[in-house]
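> Let me begin by handing over the structure; questions about it come next.
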Amino acid sequence: MNEKDVIDVISKKIKLIRHEKGYTQEKMAEVLGISKKTLVQIEKERIPATWTSVIATCALFRDSEVIQAALGEDPLEVIETLAHGKIDRPKEKTLGGKVWWKQIKKEKGFILQQNMISKHYRIIDLDNYRWFSSFESDETFIYFDELLKNSPANS
């Protein structure tokens, strides 16, 4: 999944997201900071949403079932991973990957998972805190191995 894929997915679902939240076109356009005319064009699939509008939609409606079905339990993680290329710092607590994640490896207090929808990877600890996210499998496996080498269990 890349930036264009996310733009396409959210652009095609923006009307469903609006209906899910019970917003009029006027209200949705106001919330997203775009004109009603632009929103209508996006909803009719005449133009795609901009990256900025997609980010705003995912941030402001991150609890949307429509968005979560398209991007997984944490749409902002997908957006942030795409925007920065990776996330390589301990972050917020996750739900542990019970629904959207496939476990690939588990060792010495770390779990490497792949998102079943977006296909990006992440590393969480046993307390479900995210340490790393990337769309690059090689980079993720290297980071996982580094975490294992530097874990207190090896000291």
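> Return a yes/no flag: does segment 68-84 have any residue that is at pLDDT below 95 and in contact with an Asp or Glu (Cβ under 7 Å, 6 or more places away or on another chain). It would help to see each step written out before you state the result.
Step one: filter segment 68-84 for residues at pLDDT below 95, giving 68-84.
From what is left, the residues that are in contact with an Asp or Glu (Cβ under 7 Å, 6 or more places away or on another chain) are 82.
Checking segment 68-84: at least one residue is at pLDDT below 95 and in contact with an Asp or Glu (Cβ under 7 Å, 6 or more places away or on another chain).
> Right, here's the next one. All but one of (1) over 12 Å from the mean Cα position of the chain (by Cα); (2) at pLDDT 85 or above; (3) crowded, with 17+ Cβ neighbours inside 10 Å; (4) within 23 Å of Ser134 (Cα to Cα) hold for Gly97; which doesn't?
(2)
> Considering each residue of segment 112-123, count those that are buried (at least 20 other Cβ atoms within 10 Å of the Cβ), in contact with a helix residue (DSSP H, G or I) (Cβ under 9 Å, 6 or more places away or on another chain) and not hydroxyl-bearing (Ser, Thr, Tyr), and give that number. Spell out how you get there, then give the answer.
Going through segment 112-123, the residues buried (at least 20 other Cβ atoms within 10 Å of the Cβ) turn out to be 112-113, 115, 118, 120-123.
If we keep only those that are in contact with a helix residue (DSSP H, G or I) (Cβ under 9 Å, 6 or more places away or on another chain) as well, we get 112, 115, 118, 120-123.
Remaining after also requiring not hydroxyl-bearing (Ser, Thr, Tyr): 112, 115, 120, 122-123.
Matching residues across segment 112-123 total 5.
> Turning to a different aspect of this structure: Somewhere in segment 33-43, is a residue among the β-branched types (Val, Ile, Thr), part of a helix (DSSP H, G or I), crowded, with 18+ Cβ neighbours inside 10 Å and out of contact with any helix residue (DSSP H, G or I) (no Cβ under 6 Å at 6 or more places or on another chain)? It would help to see each step written out before you state the result.
Filtering segment 33-43 for residues among the β-branched types (Val, Ile, Thr) gives 34, 38, 40, 42.
Keeping just the survivors that are part of a helix (DSSP H, G or I) gives 38, 40, 42.
When the remaining residues are screened for being crowded, with 18+ Cβ neighbours inside 10 Å, the result is 42.
If we keep only those that are out of contact with any helix residue (DSSP H, G or I) (no Cβ under 6 Å at 6 or more places or on another chain) as well, we get none.
Within segment 33-43, not a single residue is among the β-branched types (Val, Ile, Thr), part of a helix (DSSP H, G or I), crowded, with 18+ Cβ neighbours inside 10 Å and out of contact with any helix residue (DSSP H, G or I) (no Cβ under 6 Å at 6 or more places or on another chain).
> Please indicate, with yes or no, whether at least one residue in segment 124-135 is at pLDDT 90 or above, closer than 18 Å to Asp8 by Cβ and in contact with a Phe, Trp or Tyr (Cβ under 8 Å, 6 or more places away or on another chain).
No, because not a single residue in segment 124-135 is at pLDDT 90 or above, closer than 18 Å to Asp8 by Cβ and in contact with a Phe, Trp or Tyr (Cβ under 8 Å, 6 or more places away or on another chain).
> Now for a different question. Can you run down the residue pairs with Cβ atoms below 8 Å, 6 or more apart or on separate chains, where the first is in segment 121-137 and under 17 Å from Gly72 (Cβ atoms) and the partner is part of a loop (DSSP other than H, G, I, E, B) and among the aliphatic types (A, V, I, L, M)?
Asn128/Leu95; Phe135/Met1
> Asp127 - would you say it is over 21 Å from Ala69 (Cα atoms) and not in a helix (DSSP H, G or I)?
Numbers: over 21 Å from Ala69 (Cα atoms): yes; not in a helix (DSSP H, G or I): yes.
When the stated conditions are applied, Asp127 passes them.
> Right, another one. Under 6 Å between Cβ atoms, which residue pairs at least 6 apart in sequence (or on different chains) link something in segment 50-79 that is part of a loop (DSSP other than H, G, I, E, B) with a partner that is polar (S, T, N, Q) and surrounded by 17 or more Cβ atoms within 10 Å (Cβ to Cβ)?
Between residues of segment 50-79 that are part of a loop (DSSP other than H, G, I, E, B) and residues that are polar (S, T, N, Q) and surrounded by 17 or more Cβ atoms within 10 Å (Cβ to Cβ), the close pairs are Gly72/Asn115; Gly72/Ser118.
> Being over 17 Å from Lys102 (Cβ atoms) and of a type in the set (D, E, K, R) is the filter here, so list the residues in segment 112-135 that pass it. Please lay out each step first, then the result.
Looking only at segment 112-135, we keep the residues that are over 17 Å from Lys102 (Cβ atoms), and these are 125-127, 129, 131.
The answer is Asp125, Asp127.
The values are calculated or read from the model by the stated rules, or taken from the named source; none is laboratory data. Bear in mind the structure is a predicted one, so any value in this text is a computation, not a measurement. No Cβ is skipped: glycine too gets one built from the backbone with ideal geometry, and neighbour counts run over all protein chains shown.
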